[in-house]
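K.L.:
Attaching a single structure in structure tokens format; questions to follow.
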Amino acid sequence: MIRRAQLSKDVTPVARDGAFHWSPADADGELRARFVERMRGIAPPAALFELAPGHAAWATLFAGIAPIDQRHYTGLALAIADDPDAGSAALLATLDDAPGVAHLAEAAAGLLGDGVVRVADPTAPGLAAAIARVLAVLPRAMRMRTIVGAVRRGAAVIDGLPAVIAHALVEPGSRAAIAWSVCRELADRRGVDCRALAASDPAGDLVATLHAWGRGTDDPDAAADALADRVLATALAGGDPSAPIGEARWSALLPARRRTALLAAVADRGATLRALVESHHA
């Protein structure tokens, strides 16, 4: 069930005197108050959203003219969906149409940045659904927190990780999809920000790192992390994500026992890395 409300000076069954009022009058008081506070200083067209587990709310700001004094004002059209058994992304998706790749990239840039999704037209269909689809594939730590944001006019920076996420969503099985899956899995495993992972540069000679592990400790974790980071960097750059796996198997000259232990440790870091390792055994 989706609840809708409007803050305006229009004539409604609730009020006819041209004063600001909510219609319907009595529901979701705290949520409405939060949106009213957040809309101060924002000029329409724009939108505000609030997402949390089991909850999604989307508000569109609009320009109106009061029927009594003919003054211009900013109103708010609010849609709310709540279901304790549903994720916020699924609920938000019920409020909008299917998104395109541009909206997905803009949504990713905003959710990974300051929470403001910058677009040419904040009222365009598909924006709420784009935010929902991006939210659904963010690392666990970002999905489980309350996300408060806005949609405003502007130009988003949609290269880098936001572009990878957008293409991953519209092209399952692509190198972008593999890159984002690896990034998300490593972020979940390590408890770090996916943006930091994507921005890091795995400098150094990977073969030298693997050789050093082969001559040293029996714990392959450091070498496995280095190899996983190289897979991620290669995939994000548009290269073959399996190439570093092949480099580890055939170029590092590791003893068979250590090579097997290393690849097993890499495979344990996520389903996508496991599939890349297994593809070299096929």
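K.L.:
Just the ratio, please: alpha-carbon radius of gyration of the stretch 91-190 over 2.2 N^0.38 Å, N its number of residues.
P.N.:
Working: Rg = 12.7 Å, N = 100, 2.2 N^0.38 = 12.7 Å.
Against the empirical 2.2 N^0.38 Å value, I get 1.00 for the stretch 91-190.
K.L.:
Can you tell me the FRET efficiency between Y73 and A52 if r is taken as the Cβ-Cβ distance and R0 is 30 Å, rounded to the nearest 0.05? Before the final figure, lay out each step's value.
P.N.:
Numbers: r = 29 Å, r/R0 = 0.98.
Calculated transfer efficiency: 0.55.
K.L.:
Simple spin-label model, 7 Å along Cα-to-Cβ: D159 to D240 in nm?
P.N.:
Between D159 and D240, the simple spin-label model gives 2.6 nm.
K.L.:
Check which residues have an amide H placed less than 5 Å from I147's amide H, if you skip close sequence neighbours.
P.N.:
When sequence neighbours closer than 5 places are left aside, the close amide H contacts are L51, A52.
K.L.:
For the stretch 1-92, state which trypsin sites (Lys or Arg not before Pro) are in a DSSP loop and have at most 11 other beta carbons lying within 10 Å of their beta carbon. Walk me through the numbers before you get to the answer.
P.N.:
Numbers: sites: R3, R4, K9, R16, R32, R34, R38, R40, R71; in loops: K9, R16, R40, R71.
Qualifying residues, ordered by number: R40, R71.
K.L.:
Note down the nm distance, to one decimal, between modelled labels 7 Å out along Cα→Cβ at V148 and at R34.
P.N.:
Placing both labels 7 Å beyond Cα along the Cβ direction yields 0.7 nm.
K.L.:
Between Rg and the Kirkwood Rh of the chain, both from Cα atoms, what is the Rg to Rh ratio?
P.N.:
Details: Rg = 24.1 Å, Rh = 21.1 Å.
We get a ratio of 1.14 for the chain.
K.L.:
Something else now. Quote the FRET efficiency, to the nearest 0.05, computed for A27 versus A196 with a Förster distance R0 of 45 Å and r equal to the Cβ-Cβ distance.
P.N.:
Working: r = 41 Å, r/R0 = 0.91.
Step by step, r from the Cβ atoms, then E = 0.65.
K.L.:
Counting heavy atoms of the protein chains only and a 1.4 Å probe, report the per residue accessible area for the chain as a whole number of Å². Could you put the intermediate results ahead of the total?
P.N.:
Details: 13240 Å² over 282 residues.
Per residue, the chain has 47 Å² of solvent-accessible surface.
K.L.:
Could you let me know the centre-to-centre spacing of the stretch 40-63 and the stretch 149-228, using Cα atoms, in angstrom?
P.N.:
32
K.L.:
In the chain, carbon and sulfur make up what percent of the accessible area (probe 1.4 Å)? Each step should come with its number before you reach the end.
P.N.:
On the way: 7200 of 13240 Å².
Answer for the chain is 54 percent, counting heavy atoms of protein chains only.
K.L.:
While we're looking at this one, here's another question. Taking H placed 1.01 Å from N in the peptide plane, check which residues at least 5 places from D83 or on another chain put their amide H under 5 Å from its amide H.
P.N.:
The answer is H55.
K.L.:
Here is a further query. With runs of 4+ DSSP H residues as the only contributors, calculate the mean residue ellipticity of the chain at 222 nm using -39,500 (n - 2.57) per run, divided by the residue total and rounded to the nearest 500. Mind showing how you got there, number by number?
P.N.:
Working: 13 runs with 125 residues, N = 282.
Per the formula, -13000 deg cm²/dmol.
K.L.:
Evaluate the relative contact order of the chain (contact order divided by residue number), counting alpha-carbon pairs under 8 angstrom at least 6 apart; express in whole percent. Display every interim value, and only then the final one.
P.N.:
Numbers: 500 pairs, mean separation 37.9, N = 282.
Relative contact order of the chain: 13 percent.
K.L.:
Given N residues in the stretch 156-201, what is Rg(Cα) / (2.2 N^0.38 Å)?
P.N.:
Working: Rg = 10.5 Å, N = 46, 2.2 N^0.38 = 9.4 Å.
In units of the globular-protein estimate, the stretch 156-201 measures up at 1.11.
K.L.:
Step through the residues of the stretch 189-197 one at a time and calculate ³J(HN,Hα) from phi using the Karplus curve (6.51 cos²θ - 1.76 cosθ + 1.60, θ = phi - 60°), rounding each to whole Hz and writing x for Gly and Pro.
P.N.:
After applying 6.51 cos²θ - 1.76 cosθ + 1.60, I find 5, 8, x, 10, 6, 4, 5, 5, 4 Hz.
K.L.:
Starting from the Cα-Cα distance between T12 and I42, subtract it from 0.36 nm times their residue separation and give me the gain in nm to one decimal. Display every interim value, and only then the final one.
P.N.:
Details: separation 30, 0.36 × 30 = 10.80 nm, distance 2.46 nm.
Once the chain is fully extended between T12 and I42, it gains 8.3 nm.
K.L.:
What are the residues whose amide H is under 5 Å from the amide H of G154, where those residues sit 5 or more places off or on another chain and H is modelled from the backbone?
P.N.:
Close amide H contacts, sequence-distant or interchain: V119, A120.
K.L.:
With the Cα gyration tensor of the stretch 162-276 in hand, give its eigenvalues times 5 under a square root as the equivalent ellipsoid semi-axes, listed largest first in whole angstrom. Each step should come with its number before you reach the end.
P.N.:
On the way: eigenvalues 123, 37, 30 Å².
Ellipsoid semi-axes (Å, largest first): 25, 14, 12.
The values are calculated or read from the model by the stated rules, or taken from the named source; none is laboratory data. The shown structure was predicted, so the numbers you read here are calculated from the model rather than taken from an experiment. Every residue, glycine among them, receives a Cβ derived from its backbone with ideal geometry; neighbour counts consider all protein chains shown. Note: areas computed on protein heavy atoms with side chains; ligands, DNA, RNA excluded. Shrake-Rupley method; radii C 1.70, N 1.55, O 1.52, S 1.80 Å.
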